[in-house]
Amino acid sequence: MCGRTLLRGEEADVFLAGGTRRNVCELCTQRASHEGWIREGLDDATVRSRAHNGRSRSFLARLRQRRADAQALHEELESEQAAEAPVPADPVPQQPRSVHAVPTNADMKMARALDLFNASAHPRTVAGVARSLGAPIVAARPSLTEGSVVTIVVGWELSWYRFEVDLADEAAGPRITGQGTELAELDAADQVPNAAADDHGQLHLVAQHA
């Protein structure tokens, strides 16, 4: 294949190319296989099987790497946020919980919950992951059991987060209540988007974002 003369004692492998037997030196065997030449002694089924397995392993390797990259990015963003968090001052007497009037309309609940989310540090995490995995799906919905709680799910193909916002205790802000790596792990309702994220990780109901 390379046209050079074999060295004394060097053995060549025999490949079939277009029905013709070709001698291939050790340095060119990989190139010959890539060109579709068949090593003598291997049938077509064996060659196709090896090629298929190679593609499968390559796809799985890329999938695992994307998941690892997403997890590493999440950990890096969490570390940065922890490092930038203000150092707590001397202990102060705990203030009584501030209770706010909770909207009764579902849309108003979701809109207020997204406002509180956008005022937190979480949009930075969303924007950071989105730079690697693309735009997420965003589903916000009021809790069916707790009238003041709104659940927010932000998900990508290889990563998702679930947040809860208690509108009766706005000072507490949103908190992460779940995290995973497969959208299939979510309930069907959490996979139906009704909001979207902008380039800064801020979340908006679809009607408001349009």
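What to note about this one:
- Compactness relative to 2.2 N^0.38 Å, alpha carbon Rg of segment 120-210: 1.02
- Highest average first, the peptides 111-123, 187-199, 12-24 ordered by how many other beta carbon atoms sit within 10 Å of their residues are 111-123, 187-199, 12-24.
- Asp107 sits among other residues whose Cβ lies under 13 Å from its own Cβ, and their net charge, with Lys and Arg +1 and Asp and Glu -1, is +2.
- Alpha-carbon geometry of segment 158-210: the Rg and the Dmax are 12.7, 33 Å, given in that order.
All of the numbers you see were taken from the coordinates with simple rules; none came from a lab. The structure displayed is predicted, hence computed values, not measured ones. Cβ sites come from the backbone with ideal geometry, for glycine too, and all protein chains shown count toward neighbours.
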